[in-house]
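K.L.:
The structure follows.
Where a number appears in this text, it was derived from the coordinates with a stated rule and is not lab data. It should be emphasised that the depicted structure is a prediction, and the values quoted were computed from it without experimental measurement. Methodologically, a virtual Cβ is constructed for each residue, glycine included, from the backbone with ideal geometry; neighbour enumeration extends over all protein chains shown.
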Amino acid sequence: MSVTDRIVNYLKNGEFASANLTDFYQLTTGAALTDMEGWATTGNMVLRGKGTETYGIMAGWRYILPAIADMRYDDAFIDWAQQLTNSLGQPKLDAGYLNRLRGLPLPITIDAIPDGSVIFPGPLARITGPALATKWVDTAINDITRRGISVATKVARLVWASGGKLALADNSMRRSGDVLGLMVGDICNAMGMPTSNMAVAQANGTKPAGTMDHWFLSLKVVQYYDAYPQANPLDRTTRIDALVYAYRSFIQANPADGALLLDLAPLEEGLEAAIIALQQTAPHNYAVRNDSGNLGTSAVYIRTKLDKAGLGQIRILLSGGLRAVNIFNLVEEGRPFFGAGIGEYFQPHAETKSKGPHEAPVNTEIVTKFGSGTSPSGKMYNSIKISDEPAKASRGGKLDLWVLTDPDAEGREARI
């Protein structure tokens, strides 16, 4: 099973299993739409602009379209809704209305900007169908597209920031979990970034990327002290011996294509132990990874020590809260590192939460607005919103979206 299919199945059994993943007003206002069943409506899905965002990359339709196909008002949801009462002690909603919804499909048509497209504030999709359907699905759709846009945009930022010169890898699965973790790995893989997510690697026939973790290193150090009860952890030489023991254990199990984590101890001790272990074992295609402290300064220090020890072939990986802006600065400063592991950056809004230089937020503020309604006789009505707040008011004129294409391809631009 492909990762995309796995995510789709997850959504079908989770977020899209029932039409209840939305706000209560969708149910209460729907009760007043039963006399408009012959009407077709259009909702415009729009990416809002705040003036601080840059470009975005569209992603998410590959999961949404197949997952939403079987969305229904399921029995458990209808049974729950029938138990709701108002302040008069009466049923909140008419039983006949709710029973008509039971098992009712949500037939809609979606015309959208394809995944992988560069996007800016403006229209993303047009959702057309019966009134009871189009207004119900936007919450579930918006949730997944927000996640997809966030991840894909960050991958694009990272590749740009690295100048295409670094080995970047997604290491976010433990932090993301569930469907977001799969989406991150799947989108990274689709955009050419390796991932440590084994489900993604297995499904796509790619090699997973990964190094070692603090948990493993800590456990092996404990094992060393258990084997040598007279060893004194307050003694620097003993601490280095314990780390050498841990590193050698990993190298023996992984004689090629590995990386040694340096920051379980102070960097000087971790690096000294790694150098000893690397000199003793001579593994193939290895690196060392620093996950804390001043990563730029430490990269220079590590490179100097490795070269002095005759280990010029050992490469340097950096990790630890890295964002695109950090990668850009490290490259601009000429820091001697080969690649980076990216983890928490793929969490929603993490680009603005980490310490350090400012990075513009990824724009994922999506709203779905009523666009038009077509009566049973075929007459179309357009709608505008008049508001005292200019940002919320509809703008006059047609809403245009320009999609840039390959200049060498036929049809250099298309307008929706």
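K.L.:
Set Lys and Arg Cβ to +1 and Asp and Glu Cβ to -1, take the dipole of the chain about its Cα centre, and tell me which of Gly339, Ile141, Ala161 lies farthest positive.
P.N.:
Going by the charge dipole, the pick is Ala161.
K.L.:
Then there is this: Under the rule of -39500 (n - 2.57) per DSSP H run of 4 or more residues, summed and divided by the residues of the chain, what mean residue ellipticity at 222 nm is obtained, to the nearest 500 deg cm²/dmol?
P.N.:
Working: 15 runs with 164 residues, N = 416.
Taking each H run of at least 4 residues, the total per residue is -12000 deg cm²/dmol.
K.L.:
While we're here: Can you compute the charge dipole magnitude of the stretch 217-356 about its Cα centre, using +1 on each Lys and Arg Cβ and -1 on each Asp and Glu Cβ, nothing else charged? Give it in debye, rounded to the nearest 20.
P.N.:
On the way: 13 positive and 14 negative charges, 26 e Å.
The dipole magnitude comes to about 120 debye.
K.L.:
Where does each of Ser292, Ser377 land when they are ranked from fewest to most other beta-carbon atoms within 10 angstrom?
P.N.:
Working: Ser292 13, Ser377 6.
Fewest-to-most ranking of Ser292, Ser377: Ser377, Ser292.
K.L.:
Sticking with this structure for a sec: So for the stretch 138-196, averaging the separation of alpha carbon pairs under 8 Å that are six or more residues apart and normalising by length, what relative contact order in percent results?
P.N.:
Values: 44 pairs, mean separation 22.3, N = 59.
Taking the mean separation of contacting Cα pairs over the length of the stretch 138-196, I get 38 percent.
K.L.:
Can you give the charge dipole size of the chain about its Cα centre, rounded to the nearest 20 debye, using +1 on the beta carbon of Lys and Arg and -1 on the beta carbon of Asp and Glu?
P.N.:
Details: 40 positive and 42 negative charges, 82 e Å.
Dipole of the chain, to the nearest 20 debye: 400 debye.
K.L.:
Same structure, new question: Take the chain, connect every pair of alpha-carbon atoms lying under 10 Å apart with a spring to form a Gaussian network, then pick out the residue of Asn13, Asn326, Asn86 with the largest mean-square fluctuation.
P.N.:
Asn86
K.L.:
Could you work out the relative contact order of the chain? I mean the mean sequence separation of Cα pairs under 8 Å and 6+ apart, divided by the number of residues, in percent.
P.N.:
Values: 675 pairs, mean separation 80.8, N = 416.
Relative contact order for the chain comes out at 19 percent.
K.L.:
Fully extended, how many nm does the chain gain between Asn254 and Val367 (0.36 nm per residue separation, minus their Cα-Cα distance)?
P.N.:
Here the segment from Asn254 to Val367 would lengthen by 35.7 nm.
K.L.:
With the dipole of the chain worked out from charges on the C-beta (+1 for Lys and Arg, -1 for Asp and Glu) around the Cα centre, which of Val367, Ile119, Leu27 lies farthest toward the positive end?
P.N.:
Ile119
K.L.:
Of the residues Trp136, Trp215, Trp39, which exhibits the maximal mean-square fluctuation in a Gaussian network model of the chain defined by a 10 Å Cα contact cut-off?
P.N.:
Trp215
K.L.:
Another question, if that's okay. Pick from Lys154, Lys135, Lys353: which residue has the top mean-square fluctuation in a GNM of the chain where Cα pairs under 10 Å get a spring?
P.N.:
Result: Lys353 has the largest fluctuation of those listed.
K.L.:
How large is Rg over Rh for the stretch 151-352, taking Rg from the Cα atoms and Rh as the Kirkwood inverse mean of 1/r across Cα pairs?
P.N.:
Values: Rg = 17.3 Å, Rh = 17.6 Å.
My calculation of the ratio gives 0.98.
K.L.:
Using the Cα centre as the reference, give the magnitude of the dipole from point charges on the C-beta atoms of the stretch 281-361 (Lys, Arg: +1; Asp, Glu: -1; all else neutral), rounded to the nearest 20 debye. Please list the in-between numbers first.
P.N.:
Working: 9 positive and 7 negative charges, 55 e Å.
So the dipole magnitude of the stretch 281-361 works out to roughly 260 debye.
K.L.:
Considering only DSSP beta bridges with both partners in the chain, what is the antiparallel share in %, to the nearest 5? Each step should come with its number before you reach the end.
P.N.:
On the way: 30 of 46 bridges.
Bridges in the chain are about 65 percent antiparallel.
K.L.:
Of the listed values (i) 37, 27, 18; (ii) 94, 22, 16; (iii) 52, 25, 18, grab the one calculated as semi-axes √(5λ) of the Cα gyration tensor in Å from the structure here.
P.N.:
(iii)
K.L.:
Output the peptides 337-346, 157-166 sorted from most to least packed, where packing is the average of other Cβ atoms within 10 Å over each peptide's residues. Before the final figure, lay out the partial values.
P.N.:
Working: 337-346: 22.5, 157-166: 16.5.
My ranking of the peptides, most packed first, is 337-346, 157-166.
K.L.:
Lysine pairs, Cα distance under 25 Å, 8 or more residues apart or cross-chain: how many in the stretch 151-352? Kindly include the intermediate steps, with their values, before the conclusion.
P.N.:
Details: Lys154/Lys165; Lys154/Lys207; Lys165/Lys207; Lys165/Lys305; Lys165/Lys308; Lys220/Lys305.
Eligible lysine pairs with Cα atoms under 25 Å apart amount to 6.
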